[in-house]
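Worksheet for the structure shown next.
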Amino acid sequence: MNNKYKILVIEDEEHIQTFISALFEANGYAVITANTYENAKHMYASYQPDLVILDLGLPDRDGMVFLEETRKAFSTPIIVLSARADENDKVKALDIGANDYVTKPFGSAELMARVRSALRNARRNIDALVTHNGKLILGDFSIDYDARRVFIKDEEIKLTQTEYNIVAFLSEHCGKVMTYSAIIKKIWGYPDDGSIKKLQVNMANIRKKFGYKLGETNYIVNELGVGYRMIEKSE
Ligand code: CA
């Protein structure tokens, strides 16, 4: 298992565990499994995986506990599997430090895409993407952090101060879903009743300026009920 990514799959439902393990192995990953919180702690410590798939509903403890404890010391990408359609769980998991989530039932293509993206993002430190003159280039999109200017296809997009701050924040976490509350806290500090509305209005303006067209993903993806994610156009 030397040249393969090691994936720890924490899942107590046997048929899902088997399905995921077979899927990863077929795609060239090495798989380690655990079916309880206690077992997961042990396997994580023994194998130091490159990525973790974490079911939130474990028999002995809530998967959130594993997430929280792991995040205190490690930045290993963690993708949460949630059977619960409840948006609050996803938001909570992301705020605690999950890199992404997949809701059950999920397709194998979706899961693999999320895994590849999480591994890719973990590999590259955002600093490494910023050029010597302080620019971040993501396909057609580029942002000049020193001059606080944004370009698409070399054309400058005129943003307000707030719009720029939001775009800069999302770009610094490119590939990762940023929850509403994380964005609001960063941009406005403590949230109030109007915060989400304010964010949505700003987002709508940003997307319009970015040339958003219906049915197209244009740099910023709206993760309904959860937050926003900046993507590379090629995704
Ligand atoms: Ca479960």
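The table that follows gives values for the structure above.
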| item | result |
| --- | --- |
| Euclidean distance of C-alpha centroids, region 139-187 and region 83-119, integer Å | 23 |
| Approximate shape of the chain as ellipsoid semi-axes (Cα gyration tensor, √5λ), whole Å, largest first | 33, 20, 16 |
| Computed [θ] at 222 nm, helices only, for the chain once each DSSP H run of length n ≥ 4 contributes -39500 (n - 2.57) | -13000 deg cm²/dmol |
| Over region 137-189, volume per residue of the alpha carbon convex hull, in Å³ | 77 |
| When each of Lys186/Lys213; Lys72/Lys197; Lys135/Lys209; Lys185/Lys213 is checked by Cα-Cα distance, pairs over 22 Å | Lys186/Lys213; Lys72/Lys197; Lys185/Lys213 |
| Dipole magnitude of region 6-128, debye to nearest 20 (Cβ charges: Lys/Arg +1, Asp/Glu -1, about Cα centre) | 540 |
| Translational diffusion of region 160-206, µm² s⁻¹ [Kirkwood Rh, Cα pairs; Stokes-Einstein; 4 °C; 1.567 mPa s] | 121 |
| Where labels lie 7 Å past Cα in the beta-carbon direction, separation of Glu25 and Ala204 in nm | 5.1 |
| Protection proxy ranking of 152-162, 198-208, 34-44 - average other beta-carbon atoms within 10 Å, highest first | 34-44, 198-208, 152-162 |
| Region 131-230 - Kirkwood radius from inverse mean 1/r over Cα pairs (Å) | 13.9 |
| Share of carbon and sulfur in the accessible heavy-atom surface of region 1-75 [1.4 Å probe, %] | 47 |
| Label-point separation in nm, Ser46 to Lys104, each point 7 Å along Cα→Cβ | 2.4 |
| Cα-derived Rg over Rh, computed across region 6-128 with Rh taken as Kirkwood radius | 0.93 |
| Vicinal HN-Hα couplings computed from phi for region 195-206 (Karplus, 6.51 cos²θ - 1.76 cosθ + 1.60; Hz; Gly/Pro x) | 4, 5, 4, 4, 5, 4, 5, 4, 4, 4, 5, 4 |
| Ile196/Thr131 FRET efficiency (R0 41 Å; Cβ-Cβ; nearest 0.05) | 0.75 |
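The values are calculated or read from the model by the stated rules, or taken from the named source; none is laboratory data. What you see is a predicted model; the values in this text were computed from it and never measured. Neighbour counts are summed over all protein chains in view; Cβ atoms, including those assigned to glycine, are modelled from backbone coordinates with ideal geometry. Note: areas computed on protein heavy atoms with side chains; ligands, DNA, RNA excluded. Shrake-Rupley method; radii C 1.70, N 1.55, O 1.52, S 1.80 Å.
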